[in-house]
Structure formats: structure tokens, C-alpha cells
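Asks: Provided herewith is a single structure, encoded as C-alpha cells, for subsequent inquiry.
Computed from the coordinates by the stated procedures, all read-outs in this text should not be read as laboratory data. These figures come from a predicted structure and were not determined experimentally. Neighbour counts are summed over all protein chains in view; Cβ atoms, including those assigned to glycine, are modelled from backbone coordinates with ideal geometry.
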């Protein structure tokens with residue numbers, strides 16, 4: 001159990017560092033996608049823009065969940 005908590009805590013710290021590195025890029029790309037979304041050239045382009053926005057959101061949420069899980073693991077480990 002303690003090994004699992006340590007592993008999750010490490011994964012959370014790594015995810016926090018990765019999120020810090022890519023958050024600026026994700027935010028810039030979301031802004032760019034929104035600009036393109038407001039003036040799409042075709043239905044196909046609109047579909048691709050929507051799918052890319054979903055993918056970016058999923059990556060960001062995945063990293064955020066790892067950070068949260070790591071934080072919880074550290075708190076649990078500290079209480080034990």
C-alpha cells in the first residue's frame with residue numbers, strides 16, 4: 001500500500017511538471033482554435049477543429065487528474 005502511494009505521489013509530481021511545461025502551449029492552441037472556429041472554411045474544417053479542441057481538453061484533464069491523485073496520495077501517505 002505504501003509503495004503504491006509513493007508511486008502515485010511521484011506520478012503526480014511528474015504530471016505537475018509536465019503540465020507546467022505544456023500549459024502555455026495548450027492555452028495558445030486553444031485560443032488559436034477558437035479563432036479558427038469562429039470563421040471555419042468548411043464543415044470538414046469545423047469537425048477537425050472540434051476534434052482537436054476535444055483532444056487538447058482530454059490531455060489537460062488527464063494531467064490534472066494525475067496531479068490531484070498525486071496530491072491525495074501524498075496527503076494519505078503523510079497521515080499514515
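Asks: Suppose each label sits 7 Å from its Cα in the direction of the beta carbon; what would the residue 28-residue 48 distance come out to in nanometres?
Replies: Modelled inter-label distance: 2.1 nm.
Asks: Also, quick follow-up: Could you tell me how many degrees, from 0 to 90 and to the nearest 10, lie between the Cα long axis of helix 43-79 and the main elongation axis, the longest principal axis, of the Cα atoms of the chain?
Replies: The two axes meet at around 10 degrees.
Asks: When the scattering of segment 17-80 is computed by the Debye formula from its Cα atoms alone, each counted once and equally, what is log10 I(q)/I(0) at q = 0.18 Å⁻¹?
Replies: Values, matching the q order: -0.71.
Asks: On C-alpha positions alone, give me the angle between the axis of helix 2-38 and the longest principal axis of the chain, in degrees, nearest 10.
Replies: Roughly 10 degrees, rounded to the nearest 10.
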